[in-house]
There are 2 protein chains.
Amino acid sequence: MTIKRLDHIAIVVGNLDAALGVYRDALALPLDHVETIPEQNVKIGTLPVGDSETGNNTVCIELLEPTDPNSGIGRYLAQRGEGLHHICVEVDDIAAALADLKAKGVKLIDETPRRGAHGKIAFVHPKGAHGVLVELVQRD
Amino acid sequence: MTIKRLDHIAIVVGNLDAALGVYRDALALPLDHVETIPEQNVKIGTLPVGDSETGNNTVCIELLEPTDPNSGIGRYLAQRGEGLHHICVEVDDIAAALADLKAKGVKLIDETPRRGAHGKIAFVHPKGAHGVLVELVQRD
């Protein structure tokens, strides 16, 4: 498998507007957009970090506010508090990457890709990556 | 203040060699180098994530293995386990950035920069950044 680039870092927060008060207003990162993804039970604020303004090749910080306290991410927030939640790396061929990781014995949450907001996605289990939830994305 | 780019993501691990078995061998990220920084009580493996091979403008994953269980990072590992530890962003003028953040009421660990391995560094307190330990670096 080949990782092309780091796509985003996701931070779970209790209130997106309050978090924007730090990440946009104090750290002065530009806010690209806010979107709600009902099937993932999150409202997301996306802030590119870097020189490029294209948004396509720039690593982003994604601030995730759970919209349902009973969802997986809602329970994560309740149990662990705000903070770093996962990292996402972009790959060319997500099916091949998953097959490769499985063959190497890496514990996966998703053995086959599922539909994300911007492409095919899958998650490596934190137990397979030394405590880090790693998302793979193959962008459309 | 202006954040130029994301510099690295740091992951605390119990054993660097074991973690390289996942991040270098399974995820196929290149290992740039391993260094021990005695004053920070860590052994670090640095793996660039991305197209560029220069190392200078590429976001890196840093795998941090504590070398002293009684250090801050050693106790963090014992209490919280392996996983995402902090993110680091590069700024042009770290003293100005810290003054700006302080004026905006953001809680800091370091109000003045200190010497890091590759430049001046300072940390924003996780309580100031919604649970995320944020390092600033002004590279030499």
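The values are calculated or read from the model by the stated rules, or taken from the named source; none is laboratory data. In this text, all values refer to a predicted model and were calculated from it rather than measured experimentally. Glycine gets a Cβ as well: all are built from the backbone with ideal geometry, and neighbour counts include every protein chain shown. Just the protein is used for accessible areas: all its heavy atoms, side chains included, with ligands, DNA and RNA removed. Shrake-Rupley method; radii C 1.70, N 1.55, O 1.52, S 1.80 Å.
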* Structure fact -> In the set A:Arg115, A:Arg139, the lone residue that is within 18 Å of A:Gln40 (Cα to Cα), more than 10 Å from every other protein chain (Cβ to nearest Cβ), open to solvent by 10 Å² or more (accessible area, probe 1.4 Å) and free of Cβ contacts under 8 Å to residues at least 12 places away in the same chain is A:Arg115
* Asked: All but one of (1) in contact with a Lys or Arg (Cβ under 7 Å, 6 or more places away or on another chain); (2) outside any loop (DSSP other than H, G, I, E, B); (3) without any contact (Cβ under 8 Å) to a residue 12 or more places away in the chain hold for A:Lys102; which doesn't?
  -> (1)
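Working carefully through the options A:Asp25, A:Asp7, find the one that is of a type outside the set (Gly, Ala, Ser) and in a loop (DSSP other than H, G, I, E, B). Before you say what the answer is, go through the steps one by one.
Values: A:Asp7 fails: in a loop (DSSP other than H, G, I, E, B).
Of A:Asp25, A:Asp7, the one residue that is of a type outside the set (Gly, Ala, Ser) and in a loop (DSSP other than H, G, I, E, B) is A:Asp25.
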* Can you find even one residue in segment B:76-84 that is in contact (Cβ under 8 Å) with a residue 40 or more places away in the chain, open to solvent by less than 10 Å² (accessible area, probe 1.4 Å), part of a loop (DSSP other than H, G, I, E, B) and closer than 21 Å to A:His86 by Cα? -> no
* Scanning for something in a helix (DSSP H, G or I), within 13 Å of chain B (Cβ to nearest Cβ) and of a type in the set (Asp, Glu), does segment A:58-75 turn up at least one residue? -> no
* Asked: Within segment B:85-112, how many residues are open to solvent by 10 Å² or more (accessible area, probe 1.4 Å) and either more than 10 Å from chain A (Cβ to nearest Cβ) or over 23 Å from B:Thr58 (Cβ atoms) (or both)?
  -> 17
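With the requirement that a residue be among the aliphatic types (A, V, I, L, M), modelled with pLDDT of 95 or more and under 23 Å from A:Ile9 (Cβ atoms), what does segment B:92-129 give you?
Matches in segment B:92-129: B:Ile94, B:Ala97, B:Leu98, B:Leu101, B:Val106, B:Leu108, B:Ile109, B:Ile121, B:Ala122, B:Val124, B:Ala129.
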* Asked: If we keep just the residues of segment A:13-37 that are of a type in the set (Val, Ile, Thr) and within 8 Å of chain B (Cβ to nearest Cβ), which is most open to solvent (accessible area, probe 1.4 Å)?
  -> A:Val22
